[in-house]
Amino acid sequence: MPTDVLRQDAEQYLMNTYARVPISIARGRGCRVYDLEGREYLDFVAGIAVNVLGHSHPDLVTAVQRQVQQLIHTSNLYYTEPQVELARRLVERSFAHKVFFCNSGAEANEAAIKLARRYAHDKYGPDRYEVISMLQSFHGRTLATLTATGQEKVQKGFEPLPSGFAYVPFNNFEALEQAVSEKTAAVLLEPVQGEGGVRVADRTYLAQVRDLCRQRDILLIFDEVQTGMGRTGTLFAYEQMGVEPDIMTLAKGLGGGVPIGACLAIDSVAAAFVPGAHASTFGGNPLACSAALAVLRVLLEGRILEHGRRMGEHLGKGLQDLKERFPNVKEARGLGLLQGLELTVDGKPLVADCLARGFLINCTVDRVLRFVPPLIVTQREIDRLLDTLAQVLHKHV
Ligand SMILES: *Cc1c(COP(=O)(O)O)cnc(C)c1O
């Protein structure tokens, strides 16, 4: 089917929730994808920080194929090996003691918010329920998670919003200190704000937040939906930040493209969930968990984390260099392979120009170009992107 026919059908049959780029992707391999006409693109979007192993990674393909032949789904009324094994591996490799599985980032954050509320409710009574999150954050599109998201444009028109949420500026400890009260159950933040424009949390700030939360028995929730699974150079971003949260959420990279989310917590907090308190029909089904197990195995047993860290440094340096050279670049920032370039101009035309030159990149909050390639991206592929960005930035000066 030609792309223009597909576009017409999409307009007719799909709800109009996305402003799509005018190509249709038919297949992918490594860091490359191919459209219906067979044109090749280097993929620096990776399904929005999802395809950490790139496209069609043989280990992921084999794991999914095997599992599909054996068992796809059973519900959580029964035990399945892949789910328990995945939970065990996540626990062994993190601060957490227990895991709840779901299907997306928003659902993982819903679980985290519910868990925090139930913990505070059981321990302190019904007046302790508030979740404080950050301005310019992003936590999902369900009613609770869009309310936790500190961006008006995400909330507009969906009122009345659930109550019990408050917002403070990111990286500003005094503001948080003033906002906490007897009502506060949890502080929710991203170690690196992704959708909000690639902003990295300060280590000293996080240490102060951690201390405050510990003193007041306020739960610290890290939304690592985007930063988790090697994206920032370590398996989880918190490992580089010198602090551990009480609850952490994962999704995007977890299944390497197969939908799965997770909410992890320390024992004393996880104990607030008892049978009937929370559930998901699909959550942690054998198919999704086998995919995530394959991703974890490749990340932990291969050299990909280390490779991704080095590639992140290379990309970060290259973007910094572009900032020095071009007046229309305001700032280059990021951590690992979650990198951004803040422009003084609208990013959309640059995304279109990169597409025409065979590169998939993405723009967030209008002016921040975001680069989140698969962790297997090579130095040569990064250099090709940097050359192309230089051409495109020159054109739009
Ligand atoms: C993408 C994202 C979400 C939402 O994930 P979905 O799978 O789209 O629901 C939540 N938090 C962060 C930090 C994200 O980047």
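At a glance:
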item: Point-charge dipole on Cβ atoms (K/R +1, D/E -1) for the range 127-241, about Cα centre, debye to 20; result: 200 debye
item: Pairs of Lys in the range 1-160 closer than 25 Å at Cα, counting only those 8 or more apart or on different chains; result: 5
item: Length added when fully stretched, L14-A271, from 0.36 nm per residue minus Cα-Cα; result: 88.4 nm
item: Cross-link reach list, lysines versus K317, counting only Cα pairs under 25 Å and skipping chain neighbours closer than eight places; result: K330, K348, K395
item: Relative exposure of D353, D202, judged by other C-beta atoms within 10 Å (fewest first); result: D202, D353
item: Cα gyration tensor shape of the range 149-217, rounded if a/c is under 1.5, else prolate or oblate by comparing a/b with b/c; result: oblate
item: For the chain, calculated [θ]222 nm from helices alone, where every DSSP H run of n ≥ 4 adds -39500 (n - 2.57); result: -12000 deg cm²/dmol
item: Separation in nanometres of the label points that stand 7 Å from Cα toward Cβ, at E85 and R39; result: 4.2 nm
item: Percent breakdown of C-alpha pair distances by 10 Å bin, ordered from the shortest bin, for the range 280-323; result: 25, 27, 23, 18, 6
item: Globularity index of the chain, i.e. its alpha-carbon radius of gyration over 2.2 N^0.38 Å; result: 0.98
item: Viscosity 1.306 mPa s, temperature 10 °C, Stokes-Einstein D of the range 104-254 from Kirkwood C-alpha radius, µm²/s; result: 105 µm²/s
item: Efficiency of FRET from Cβ geometry, A356 and Q320, R₀ 22 Å, rounded to 0.05; result: 0.30
item: Area projected by the alpha carbon convex hull of the range 232-376, averaged over all directions, nm²; result: 11.5 nm²
item: In the range 35-140, the trypsin sites (Lys or Arg not before Pro) that fall in loop regions by DSSP, at most 15 other Cβ within 10 Å; result: R39, R93
item: Difference of contour (0.36 nm per residue) and Cα-Cα distance, R7 to L161; result: 52.0 nm
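Rule-based calculations on the coordinates, nothing more; no lab input. Keep in mind it's a predicted model, so treat the numbers as computed, not measured. Here the Cβ is made from the backbone with ideal geometry for all residues, glycine too, and neighbour counts use every protein chain on show.
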